[in-house]
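S.K.: I'd like to ask you about the structure that follows.
Every number in this text was worked out from the coordinates using simple rules, so none of it is lab data. Keep in mind the model is a prediction, meaning the values are calculated, not measured. Glycine also receives a Cβ, built like all others from the backbone with ideal geometry; neighbour counts cover every protein chain displayed.
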């Protein structure tokens with residue numbers, strides 16, 4: 001059987017759609033599992049609707065590497081994104097979560113975690129997690 | 001333009017989040033893949049967002065089904081009975097299809113979840129398939 005490694009040098013787009021969350025509706029959802037070792041070249045979220053950030057009530061979105069055995073809390077991929085005042089989501093515009101390559105091992109599970117801060121939090125719109133996955137020749 | 005067949009020998013990941021848990025007695029059958037060209041589902045499974053404890057009497061089955069291109073197919077690619085001891089762990093991949101299954105061009109694959117007895121809830125989670133094109 002062939003391997004993803006045959007695609008070395010190609011960044012394959014992988015998209016996982018996630019549902020909207022109500023304000024204070026924290027969640028963590030699986031968005032990807034690596035079949036073989038691979039490199040995340042880019043990772044972003046693309047919302048279906050706008051969201052306006054707020055300094056008091058906001059959400060923080062984090063991409064996590066859970067390994068193959070649901071590590072808790074897992075390793076942050078890239079950087080957590082806090083949607084405070086001035087940091088908004090625009091409908092159908094990508095917000096990047098990753099600024100440098102991140103390598104995954106075969107079997108690693110990636111989740112998206114949404115955590116509210118403040119008394120009311122923020123409603124996070126339905127969104128697509130878009131990953132660009134490059135197989136590794138290892 | 002290149003074709004998927006140019007990717008012969010690769011396993012392309014496909015991830016679809018179910019968005020909601022099923023009801024206790026709810027049965028679902030959801031399209032998760034259609035083959036543009038012939039190829040193999042080399043593996044497929046489910047990553048639950050929350051734990052599920054399997055049970056023997058009131059339980060749930062999950063499987064992937066080849067519906068063919070006319071919805072007339074019913075061949076199972078793989079089936080799991082979530083019986084006692086066969087649990088789902090949050091964010092851990094549960095393999096359902098472990099043997100490569102060949103699809104013809106146009107074949108549609110569904111993810112099916114069916115209650116057994118009085119049923120149990122299937123947590124929301126991500127349906128994962130790995131697709132390998134062939135050149136035949």
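S.K.: Could you say whether any residue in the range A:51-58 is surrounded by fewer than 19 Cβ atoms within 10 Å (Cβ to Cβ), more than 14 Å from chain B (Cβ to nearest Cβ), out of contact with any helix residue (DSSP H, G or I) (no Cβ under 6 Å at 6 or more places or on another chain) and closer than 26 Å to residue B:93 by Cβ?
M.R.: There is no residue in the range A:51-58 that is surrounded by fewer than 19 Cβ atoms within 10 Å (Cβ to Cβ), more than 14 Å from chain B (Cβ to nearest Cβ), out of contact with any helix residue (DSSP H, G or I) (no Cβ under 6 Å at 6 or more places or on another chain) and closer than 26 Å to residue B:93 by Cβ.
Residues checked against (1) more than 16 Å from residue B:59 (Cα to Cα); (2) within 13 Å of chain A (Cβ to nearest Cβ); (3) part of a strand (DSSP E or B):
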site: B:77; (1), (2), (3): yes, no, yes
site: B:85; (1), (2), (3): no, no, no
site: B:90; (1), (2), (3): yes, yes, no
site: B:99; (1), (2), (3): yes, yes, no
site: B:102; (1), (2), (3): yes, yes, yes
site: B:112; (1), (2), (3): no, no, yes
site: B:132; (1), (2), (3): yes, yes, yes
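S.K.: In this structure, is residue A:99 within 26 Å of residue A:49 (Cβ to Cβ) and more than 11 Å from chain B (Cβ to nearest Cβ)?
M.R.: Here the answer is yes, as residue A:99 does meet what is asked.
S.K.: With respect to the numbered conditions (1) away from chain B (no Cβ under 14 Å); (2) surrounded by fewer than 20 Cβ atoms within 10 Å (Cβ to Cβ); (3) under 11 Å from the mean Cα position of the chain (by Cα), which one is the sole condition not fulfilled by residue A:128?
M.R.: It fails just one condition, (1).
S.K.: Which condition breaks for residue B:33 when tested against (1) buried (at least 19 other Cβ atoms within 10 Å of the Cβ); (2) closer than 30 Å to residue A:73 by Cβ?
M.R.: (2)
S.K.: OK, next. Right, residue A:34: surrounded by 18 or more Cβ atoms within 10 Å (Cβ to Cβ), within 13 Å of chain B (Cβ to nearest Cβ) and over 30 Å from residue B:132 (Cα atoms) or not?
M.R.: Spelling it out, it is not the case that residue A:34 is surrounded by 18 or more Cβ atoms within 10 Å (Cβ to Cβ), within 13 Å of chain B (Cβ to nearest Cβ) and over 30 Å from residue B:132 (Cα atoms).
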